[in-house]
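J.: Handing you a structure now.
The values are calculated or read from the model by the stated rules, or taken from the named source; none is laboratory data. From a predicted model like this one, the values you see are computed outputs, not experimental measurements. Cβ sites come from the backbone with ideal geometry, for glycine too, and all protein chains shown count toward neighbours.
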Amino acid sequence: MANCRRFFEFAFAGVILLAGVVGLAMFGPVGAAEEGEDDAEPLPAYTSDGADSCLSCHGDEESAHLMAIFEGPHGVEADERTPFGGNQCEACHGPGGDHAGRVRFGQERPPMPAFGPNSPWSQARENETCLGCHREQQHDWDGGVHESQKLACTDCHSVHTRRDPVTVTSSQPQVCMDCHVEQRAEVHRAYGHPIRFGEMACTDCHEPHGGLNEAMLDSPTINQNCFQCHAEMRGPFLWEHAPVTEDCTTCHQPHGSNNPDLLTRRAPLLCQQCHSRMGHPSIGRTGDDLPSGQPSNFLMSGSCLSCHSQVHGSNHPSGAILNR
Amino acid sequence: MTASQRHRRFQVRAVAFIGFLLMGMSVSGQDRATSQEEEESESTGPDTSEWICEDCPFVYGLSGSVLLGAGYVSDDLFDFGNYRGLEQEGVYGAAGVDLRYRTEDARYLDLYGERLGLDSRTLSVEGGRQGSYSVSLDYDETPYLDTSDTRTIFEGAGTANQTLPADWVRGGTTDEMTALAGSLHGVDIRHKRKTLGLALEVNRKSPWRYRVDVQQTRKEGNLIRGGSFIFRAAELASPVDYETTRVEAAVGYVRDRWQLEAAYHLSRFDNDNRSVRWQNPFAGINGADLGELAQPPENQFHQFMLSGSWRYSKWLMLSGHVAVGRSEQDEQFLAPTLNTSLANPSLPRSDLDGRVDTQIANLRATSNLTDRLRAKLQFRYDERDNKTPVDSFVQVVSDTFVMDERAYEPYSYERTSMNATLDYRVASDLKVTASATHKGMERSLQEVENTDTNLYSFKIRATPVSRLNVNVKASREERNNDLDPARLGPQVNPSLRRFHFAEKDRDALRFVADYALRENVAASLFAEFADEEFSDTEIGLSDGRARSYGLDVSATFSSDITAHAFVAFESLDATILGADNIEDAPWEARQSDDFRTAGIGLNFGDLPGKWVEGRLDFTYASADGDIEVQKRGSAPPFPTLETSRMTLEASAERELGERLNLRFGYLVGKLTEDDFFRDDVAPDTVPTLLSLGQRPLDGTVHVFNVMLRYRFSAD
């Protein structure tokens, strides 16, 4: 089959490309990566007393909000994986010897290496700090959309909190939509998933840590993603509606729509994009079909769906036209 | 374009791309002395044996807060209560909880809940030992409230058996149903999801990771479903008694540079109802007095997935997953008809024995080829192989006529996608990204068996002046197919091109500019334009156009006071072409949707006096939808579809004592909607449709709540 042949050609081209990249990466003469530049800088010394050194200044009223870290999962002394089970503040902020050391009168205090005002470490290196512990998240992070766009972990996550807002269903969308402004507008449309009501999080569908799937979806395909909650649509049905098996988004706009059921447009036009069969399916409906004229069930209320209500598929032996 | 031309174009592009990569390989850079070993030589870290952290306010014991109070809803408005659970006028209980109990050896118990007094409640309990294991139990309810002013004649509305009133008078049209007005009674269209989840995760100081998630969702209530008998339909409140069980179990092995995970996923769907039976309120033909709609059949899906990643160095990172899955469905078939006056055809077998196998592979390689150049290759494969046995079924159309048999059509497809992306940092303030994607799809039993889509994009990210970041992305998509019009069938317009596989060109341009007006004020502007044309389409969706613009402003006045505002406009236009008859009588429909969204928010982390926090959020969203159909003769235009939602939410909290706060909340929502498809459609408005008679949506609701917050402090 022609498509099969093309597939193998693409696969062949892909293997060559992959081999080129792998070969170059493993054996090729390439320059130091940008991210590596600040790795070469010598590290300052650590403080002598750890967090006690930090809190001698940052334990005041002005820094009170930072203390929320001790209510959260990062401030657990008995968990060796957390900052306070190890290098304390300097586990994330880097060695603070210079910052906490003495400075001459008029001399600017050196910044902490990471996660602070004027910190010299690059965003990539700061992310490495997080990923050093959260290694599971690194699985798809490299090469993912958010990593490619140089997002910092702290662009989304808050550490000095009792509960990170991005991990709570009701507050997460606000974090995501700080950047995804088009999606924010979409979720405010009249019909949508309950995102703006705090009943659904973006991560119910998306994997923000660089998922490999289309649109960084949580499941490998769009339909699998939808079937997580809408398993009644999965079938397989005796009489399937072919576009449904391919892609739910052929008819639905998952972020929000001006049409009921998140449809991309209203029936009958929605259906007439694909159906022009002899008889009633092909007839263009007009204002004549409104209650002010000759009200028609081909237009009003459910339109096509008033009869063909099993549009996602039917398991009825006589349901070939999706009306049983 | 012929297949050979496409093939040749592909070859040219592939060769050019390979050449480009090979050129990249020849770019000489510094000898990569920094390799794996160097990366591994991490600092050994300080001696922390003397770091006692005596000033650290570790939190042991019980901490957090409980909110308890009451609220009042000013009016009944079903749609306002949708997803919120605030649909009824009157008093409701308002409660929330955020408690954590922690011991010095990292054991903990966490309790978190929101909206506990409402039907939209959520509650989570998690316990365990941090760094070793965790067990969590989650419960969540989500109400879906569609409409409350609907009326039906059916006894048993919302159940699997819906009958006509004893004194019902059938008619050929609704105006002949003389008992209609006296038989109507109200039925709310609503359902609710209740989800219970149990998760266990073992995360000890070992490379092995284990997790099990079990989730069960019950969805109960009803929804609107049409039941029809030959151009006569009745809207039914169809029962919803669904249960979905999901299980995910995984074991992983995580090392510094690579990790593997094997996971099993089960999704099982159970339905308490096999069908909905309803008596025909219209005068049936050929004795068609009783109909039966199949309910979604019980089914299950199993999938095994192996995923992994390998980070050889910063210069090579690989990740991917492969999965095999199977969907099965073997619910017993319903009878072909309930019409006893017709010969009930025999079935070739008692159930579908449905089986669909899926195979998935997603692989990605990323490499920082030089300090300026990064390449990414991604390959995706997705196959749906429908292995359900094929039989033919005699059709009893609408329980009225016995027609010819129809053969089962086992739809299958195979989807592949390959993407190559190059990022090049021209200068510290200028980065360009070029991307090329080829998508191929092969499907069975449709007039288009193969589609090939090529997508190219070019993106510039620049910082032309200090504090200004600009992103511009242009993309073009081209889709070709191997349409065989003969497969459309004898009664279908031969010019029809179904849009989801029709030949298509799509151009898009996106522009985003972020500007820091001052140190504490930032603005972001975006604009996006997209045009798509279905070049070969004479019947069907022929073109589409999208425009969107937006402006965001955020400001930080102090560490405790922040504000944000946004406004966005979007317009979507499309043209659909049709013909009343296959030979002639063309018509053209234009649909235009315009959306407007705006919002303002203020957050106060600390207020003067004993006020400890405050919040104000205003959101406005409205949309107009115009449908214009041009065809022979003149017809009155369609009214505009309009929706408008305005929400203002405010809250403030005041300290009453050392542990006690008082919280005030206010929410006002104003909703209006003009929907000519449903407005003014009473049960008898349409002669051939016995509708549920939804009414226009319009209303304003105020919600007040007062709660006491008691704070638990571990000290």
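J.: Evaluate the following for B:Ser327: is it over 20 Å from B:Gln295 (Cα atoms), surrounded by 22 or more Cβ atoms within 10 Å (Cβ to Cβ) and among the hydroxyl-bearing types (Ser, Thr, Tyr)?
T.: When the stated conditions are applied, B:Ser327 does not pass them.
J.: Of the residues in the stretch A:180-195, how many are touching a residue at least 24 places away in the same chain (Cβ under 8 Å), touching a Ser or Thr at 6+ places or on another chain (Cβ under 9 Å) and in a loop (DSSP other than H, G, I, E, B)?
T.: Matching residues across the stretch A:180-195 total 4.
J.: Next question, about the same structure. If I filter the stretch A:303-312 down to residues being in a helix (DSSP H, G or I) and in contact (Cβ under 8 Å) with a residue 24 or more places away in the chain, which single residue comes out as nearest to the other protein chains (Cβ to nearest Cβ)?
T.: Out of the qualifying residues, it is A:Leu305.
J.: Right, another one. Could you run through the stretch B:574-600 and say how many residues are within 7 Å of chain A (Cβ to nearest Cβ), in a strand (DSSP E or B) and acidic (Asp, Glu)?
T.: 1
J.: Assuming B:Ala420 fulfils every condition listed in (1) in a strand (DSSP E or B); (2) without any contact (Cβ under 8 Å) to a residue 60 or more places away in the chain; (3) at the interface with another protein chain (Cβ under 7 Å from one of its Cβ atoms) apart from one, which condition is it?
T.: Exception for B:Ala420: condition (2).
J.: With the requirement that a residue be in contact (Cβ under 8 Å) with a residue 12 or more places away in the chain and either of a type in the set (A, V, I, L, M) or more than 7 Å from chain B (Cβ to nearest Cβ) (or both), what does the stretch A:286-302 give you?
T.: A:Phe298, A:Leu299
J.: Would you please name the residue that is farthest from B:Ala249 (Cα to Cα), looking only at residues in the stretch B:278-322 that are over 35 Å from the mean Cα position of the chain (by Cα) and not in a loop (DSSP other than H, G, I, E, B)?
T.: Checked the stretch B:278-322; the qualifying residue farthest from B:Ala249 (Cα to Cα) is B:Phe282.
J.: Separate question: State all residues of the stretch A:242-271 that are assigned to a loop (DSSP other than H, G, I, E, B) and out of contact with any Gly (no Cβ under 6 Å at 6 or more places or on another chain); if no residue qualifies, say none.
T.: A:Asp247, A:Cys251, A:Gln253, A:Pro254, A:His255, A:Asn259, A:Thr264, A:Arg265, A:Arg266, A:Ala267, A:Pro268, listed by residue number.
J.: Ok, one more. Here is a check on your reading of the model: is A:Pro120 closer than 16 Å to A:Tyr46 by Cβ, touching a residue at least 60 places away in the same chain (Cβ under 8 Å) and not in a helix (DSSP H, G or I)?
T.: no
J.: List every residue pair whose Cβ atoms lie under 6 Å apart, where the two residues are 6 or more positions apart in sequence or sit on different chains, the first residue falls within the stretch B:505-534 and is more than 12 Å from B:Tyr549 (Cβ to Cβ), and the second residue, located anywhere, is hydroxyl-bearing (Ser, Thr, Tyr).
T.: B:Ala508/B:Ser475; B:Asp514/B:Ser524; B:Asn520/B:Thr556; B:Ala522/B:Ser554; B:Ala523/B:Tyr515; B:Phe534/B:Ser542
J.: A follow-up question, please. Report, by residue number, each residue of the stretch B:342-357 that is over 17 Å from A:Ser318 (Cβ atoms) and facing chain A (nearest Cβ under 8 Å).
T.: B:Gly354, B:Arg355, B:Val356
J.: Can you list the strands (runs of 3 or more DSSP E) lying wholly within the stretch B:189-269 that have 1 or more residues being without any contact (Cβ under 8 Å) to a residue 12 or more places away in the chain?
T.: So the answer is B:208-228.
J.: Any idea which residue in the stretch B:552-566 is farthest from B:Ala650 (Cα to Cα), counting only those that are within 9 Å of chain A (Cβ to nearest Cβ), assigned to a strand (DSSP E or B) and not aromatic (Phe, Trp, Tyr)?
T.: B:Asp552
J.: Starting from the stretch A:135-148, take each residue that is assigned by TED's automatic domain parsing to the domain that holds A:Arg81 and on the phi > 0 side of the Ramachandran plot and list its partners that are surrounded by 17 or more Cβ atoms within 10 Å (Cβ to Cβ) and among the hydrophobic types (A, V, I, L, M, F, W, C), counting only C-beta distances under 7 angstrom and pairs at least six apart or across chains.
T.: Within 7 Å, the pairs are A:Gly143/B:Met317.
J.: Please enumerate the residues belonging to the stretch B:343-360 that are assigned to a loop (DSSP other than H, G, I, E, B) and small (Gly, Ala, Ser).
T.: Result: B:Ala343, B:Ser346, B:Ser350.
J.: Another question about this same structure. Could you tell me which residue of the stretch B:535-547 is surrounded by the most Cβ atoms within 10 Å (Cβ to Cβ), considering only residues that are in a strand (DSSP E or B) and touching a residue at least 40 places away in the same chain (Cβ under 8 Å)?
T.: Out of the qualifying residues, it is B:Leu541.
J.: For the stretch A:250-280, give me the residue count where each residue is within 20 Å of B:Ser542 (Cα to Cα), of a type in the set (S, T, N, Q) and either without any contact (Cβ under 8 Å) to a residue 40 or more places away in the chain or facing another protein chain (nearest Cβ under 8 Å) (or both).
T.: Here the count works out to 5.
J.: For the stretch B:203-214, indicate whether the set of residues that are more than 9 Å from every other protein chain (Cβ to nearest Cβ) and within 21 Å of B:Glu298 (Cα to Cα) is non-empty.
T.: Yes, the stretch B:203-214 contains at least one residue that is more than 9 Å from every other protein chain (Cβ to nearest Cβ) and within 21 Å of B:Glu298 (Cα to Cα).
J.: Another question, if that's okay. Kindly list the number of the only condition in (1) out of contact with any Phe, Trp or Tyr (no Cβ under 7 Å at 6 or more places or on another chain); (2) crowded, with 20+ Cβ neighbours inside 10 Å; (3) at pLDDT 95 or above that fails for B:Phe604.
T.: (3)
J.: May I ask you to list pairs of residues, at least six apart or on different chains, whose Cβ atoms are under 7 Å apart, with the first in the stretch B:57-73 being in contact (Cβ under 8 Å) with a residue 40 or more places away in the chain and within 11 Å of chain A (Cβ to nearest Cβ) and the second being surrounded by fewer than 19 Cβ atoms within 10 Å (Cβ to Cβ) and assigned to a strand (DSSP E or B)?
T.: So the pair list comes out as B:Ser63/B:Phe712; B:Gly64/B:Leu99; B:Gly64/B:Phe712; B:Ser65/B:Tyr710; B:Ser65/B:Arg711; B:Ser65/B:Phe712.
J.: If you don't mind, another one. Quick one: in the stretch B:569-584, which of the residues that are surrounded by fewer than 19 Cβ atoms within 10 Å (Cβ to Cβ) and touching a helix residue (DSSP H, G or I) at 6+ places or on another chain (Cβ under 9 Å) is farthest from A:Asn258 (Cα to Cα)?
T.: Among them, the one singled out is B:Asn581.
J.: In this structure, does B:Glu478 turn out to be part of a strand (DSSP E or B), within 30 Å of the chain's Cα centre (by Cα) and either facing chain A (nearest Cβ under 10 Å) or within 30 Å of A:Gly279 (Cα to Cα) (or both)?
T.: Spelling it out, it is not the case that B:Glu478 is part of a strand (DSSP E or B), within 30 Å of the chain's Cα centre (by Cα) and either facing chain A (nearest Cβ under 10 Å) or within 30 Å of A:Gly279 (Cα to Cα) (or both).
J.: Of the conditions (1) more than 13 Å from chain A (Cβ to nearest Cβ); (2) in contact with a Ser or Thr (Cβ under 6 Å, 6 or more places away or on another chain), B:Ala508 fails just one. Which one is it?
T.: Answer for B:Ala508: the failing condition is (1).
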